[in-house]
Amino acid sequence: MTPSNEFAVDFRETRYKGYKSYSYLKGGSDYDEFELAPELGRMPLYDLGLDAEQHERTRTLVDDNIIISLHDHPQVFPQDMTQVRDYIRTGREHTGYEGLSRSGMTAVFDNLMDGTACVTSKCGWKWDDIIYDIGMRLSDISHQDYVRIAYSLEDITRAHDQGELALVLSLEASTPIENEVDRIDILYGLGVRQMGIAYSEANTLGSGLKERGDGGLTAFGRRAVERMNSLGMAIDVSHSGDRTCMDTYEQSSKPVLITHAGARALWPTPRMKPDEVLRGCAETGGVIGIEAAPHTTLSDAHPLHSLESVMDHFSYCVDLMGIDHVAFGPDTLYGDHVALHKTFAASLGVHDAQNGPSYEEVPYVAGLENPTECFFNIVGWLVKNGYSDEDIKKVTGGNIMRVLGQIW
Ligand SMILES: [Zn+2]
């Protein structure tokens, strides 16, 4: 039995047997070792104020259902974040196997390093670096038997049946493909099943949310969307400009995802989506994953970023888009996310994206600090706030499975 302790909820046992990333090599001689952030016990368990019956219902809902995060970075970062660039330059990111094994999740859209994949360049998004990152992660994953790569829906259901975790390889932007549409096939061949159009900056496909002018999807972008449709690769517009989002909906013959964002009506920053873009996503048949990275999904009702502010965006999107079109993409990691944002603020356009009302900084998002705690707290909140088992099942995985069935 998985021990119940103060660090994580006692979900059902998984196949995890203690593997640590790259333990098939000798740390220190084969590769540079860094002291990594802990995967468990990073924060005390968040107190949702559930009674015993609600706690048990929450635990059972997570255990029995397919739970999917539409956007996360389930990697482990250095404990001392001043080392993060040196760590990344080794091209050897560690997967948080132990933390994930205690999360209750069935599948995670794993966004690799992409924008922070600075192996050969300090600005990120280079094709060589993306390939280096995918290959290195796959090598590590091949040496253990708890995490499997999801190439199809069956891989996700099998992961649920066998106590495994399915990783869906994803990229936040298509920038690394430059003007080569065939590179989308190459990425698909390497296992990538979801890709964003543009990150904060414009690229050959379209515009990002940090640009002042958004020219919409380019001619090349339209070809890329067609190719992703033909291959069965999911399209994400989380970081794309508003017009680029709308053009993508129009061009795509399949549902389009917003894997991690929130509602601009609640928090007016470029990173959040206006109603028109949210409704447009639902009209394609797509879903939004509600975002929880530090200082993104704030609200006037809960201006200190926490589970409560994130759930304000959830409730708003359910009202606007319908319960069948909302899910969660918490965008968490193992390590100090606020410090990571500060290190990469310039190249990732973090400040441009968060350009809006002033807010008080928090050291972490209470209740949604790391991949291990996300889904117990999300489901617990839904239980406490009167959602039915059927609706909880939809927003924590069912909606994503339906849409992936149409896209993949
Ligand atoms: Zn992102």
Please state the charge dipole magnitude for the stretch 52-407, taken about the Cα centre, from unit charges on C-beta atoms (+1 on K and R, -1 on D and E), reported in debye and rounded to the nearest 20.
520
With a ≥ b ≥ c the root eigenvalues of the C-alpha gyration tensor of the stretch 261-377, is it rounded (a/c under 1.5), prolate (a/b larger than b/c) or oblate?
prolate
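If you add up the charges near G289, with Lys and Arg at +1 and Asp and Glu at -1, over every other residue whose beta carbon is less than 10 angstrom from its beta carbon, what do you get? Mind showing how you got there, number by number?
Values: positive: none; negative: D72, D236, E291, D331.
Once positives and negatives cancel, what remains is -4.
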Choice from L112, L340, L171 showing the highest fluctuation, given a GNM over the chain with Cα pairs closer than 10 Å
L340
Among the lysines, which fall within straight-line cross-link reach of K210, defined as a Cα-Cα distance under 24 Å, with same-chain neighbours fewer than 8 residues apart omitted?
K122, K126, K273, K342
Antiparallel bridges, percent of DSSP beta bridges restricted to the chain (to nearest 5):
15
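Calculate for the chain the 222 nm mean residue ellipticity that helices alone would give, adding -39,500 (n - 2.57) per DSSP H run of length 4 or more and normalising by residue count, nearest 500 deg cm²/dmol. Please list the in-between numbers first.
Numbers: 16 runs with 147 residues, N = 408.
My calculation for the chain gives -10500 deg cm²/dmol from helical runs alone.
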Cα to Cα, under 30 Å, and not fewer than 8 places away if on the same chain: which lysines meet these conditions relative to K17?
K26, K393
The rounded separation in angstrom of the Cα centers of the stretch 326-350 and the stretch 93-169 is 17
S240, S200 arranged by Cβ crowding within 10 Å, fewest neighbours leading
S200, S240
Of P294, P303, P176, the one that fluctuates the most in a GNM where the chain has Cα springs shorter than 10 Å:
P303
Given a 10 angstrom Cα cut-off, can you work out which residue in D324, D312, D389 is the most mobile in a GNM of the chain?
D389
With a Cα-only, solvent-free Debye model of the chain, what are the log10 I(q)/I(0) values at q = 0.12, 0.13 Å⁻¹?
-0.89, -1.07
Work out from phi, with θ = phi - 60° and the Karplus expression 6.51 cos²θ - 1.76 cosθ + 1.60, the ³J(HN,Hα) of each residue of the stretch 78-95, listed in order in whole Hz, and give x for Gly and Pro.
x, 4, 9, 5, 5, 8, 5, 5, 5, 4, 5, 4, 6, x, 10, 7, 9, 8
Cβ-defined net charge surrounding H260, 15 Å radius [Lys, Arg +1; Asp, Glu -1]:
-4
Can you tell me which lysines have their Cα less than 17 Å from the Cα of K394? Leave out same-chain residues fewer than eight positions away.
K384
Once the dipole of the chain is set up from charges on Cβ (+1 Lys and Arg, -1 Asp and Glu), the residue from the list S388, A366, L320 lying farthest towards its positive end is L320
How many angstrom lie between the C-alpha centres of the stretch 374-407 and the stretch 237-289?
20
Net charge around K210, counting only other residues with Cβ within less than 12 Å of its Cβ (Lys, Arg = +1; Asp, Glu = -1)?
-2
Could you list K273, K210 in order of exposure, starting from the residue whose Cβ has the fewest other Cβ atoms within 10 Å?
K210, K273
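Count neighbours as other Cβ atoms within 10 Å of each site's Cβ, and list the GluC sites (Glu not before Pro) in the stretch 349-382 that are DSSP loop with at most 10 such neighbours.
E360, E361
No value in this document is a laboratory result; all are computed from the given coordinates. Values in this document were obtained by computation on a predicted structure and should not be read as measured data. Methodologically, a virtual Cβ is constructed for each residue, glycine included, from the backbone with ideal geometry; neighbour enumeration extends over all protein chains shown.
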